[in-house]
Amino acid sequence: MGRVIPVLGFSVVIVLSLVAAALASELGVFSDLSGEHQYSSAILSDSGWKSAPEDPKTVYISIVVPNLKLREAIKSALDNVTRSHGLKPVYVNGSIADYDLKGRIVIVYLPMDFSEDGFLRSEYGVSGILYYSYPGDAKTFAELMRSRNVPEETRETIEKLALELSSSSVERLKEERVLNQSMSVAYWWNLRAVIGKLRKGDSYRMIAKEIATQLNEFLEGS
């Protein structure tokens, strides 16, 4: 019996060491919740319907994030993606509604962020949405944000925002009789970059790349 205890203790140490090594070597982007809503409809008859946006080659981008470094990382990532599709990115600091139906619209709304620096790994994360509208429907987003009464975003409010934005935009484009009604919304709750202490990585660039990859999929499908 006296020999069993040391053996068990040694086994526990090995297991804990392996777990610690795995955590310290971790590198990736994860989320507690993610999803998307997409809608695409092109009206074949142009009788009484209008074409939008005015300039399909220009994409107006609004980035609403709490962290300046993350904002710059997202800007750089989106710049690469939009230009790879032959588009001209124009970054908007004022009201995105001023560019309604003038060019394609991209909005990155990430109102919440968090960070954790542990012994074996560190995390940085955000929550929010990515909105893309080919016809440039900025008005729907602006009006929806003004009408919301949400003191603090939660998992439920982010998911609801994405759904309401999708349905409201489609409804508006139909009412406005816009020919191309392609739009997409992606949402995340606790989208986080995890970097183990044995790995090198930039959490801002990792999150930015994830968002840019999603936008690239939207652009390819529109």
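The values are calculated or read from the model by the stated rules, or taken from the named source; none is laboratory data. Not measured: the values here are computed from a predicted model. Here the Cβ is made from the backbone with ideal geometry for all residues, glycine too, and neighbour counts use every protein chain on show. Heads up: the accessible areas ignore ligands, DNA and RNA and are worked out on the full protein's heavy atoms, side chains in. Shrake-Rupley method; radii C 1.70, N 1.55, O 1.52, S 1.80 Å.
Summary table
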quantity: Helices (runs of 4 or more DSSP H) fully within segment 133-222 counting 1 or more residues that are under 21 Å from M112 (Cβ atoms) and of a type in the set (V, I, T); calculated: 155-175, 203-220
quantity: Qualifying residue in segment 63-85 (condition: free of Cβ contacts under 8 Å to residues at least 60 places away in the same chain, farther than 24 Å from R172 by Cα and either open to solvent by less than 60 Å² (accessible area, probe 1.4 Å) or assigned to a strand (DSSP E or B) (or both)); calculated: yes
quantity: Test set (1) farther than 21 Å from K75 by Cα; (2) at pLDDT 95 or above - P111 fails condition number; calculated: (1)
quantity: Any hit, segment 169-185, residues being open to solvent by 40 Å² or more (accessible area, probe 1.4 Å) and modelled with pLDDT of 95 or more; calculated: yes
quantity: Residues of segment 36-52 classified as touching a Gly at 6+ places or on another chain (Cβ under 8 Å) and loosely packed, with under 14 Cβ neighbours inside 10 Å, total; calculated: 1
quantity: N190 vs. criteria at pLDDT 95 or above and open to solvent by 20 Å² or more (accessible area, probe 1.4 Å); calculated: yes
quantity: Sole residue being open to solvent by 40 Å² or more (accessible area, probe 1.4 Å) and at pLDDT 95 or above, chosen from D55, D100; calculated: D55
quantity: Hits in segment 103-119 - residues which are open to solvent by less than 50 Å² (accessible area, probe 1.4 Å) and part of a loop (DSSP other than H, G, I, E, B); calculated: G118
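Residue-wise test of (1) over 17 Å from V64 (Cβ atoms); (2) of a type in the set (G, A, S).
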position	(1), (2)
Y124	yes, no
L130	no, no
S184	yes, yes
A193	yes, yes
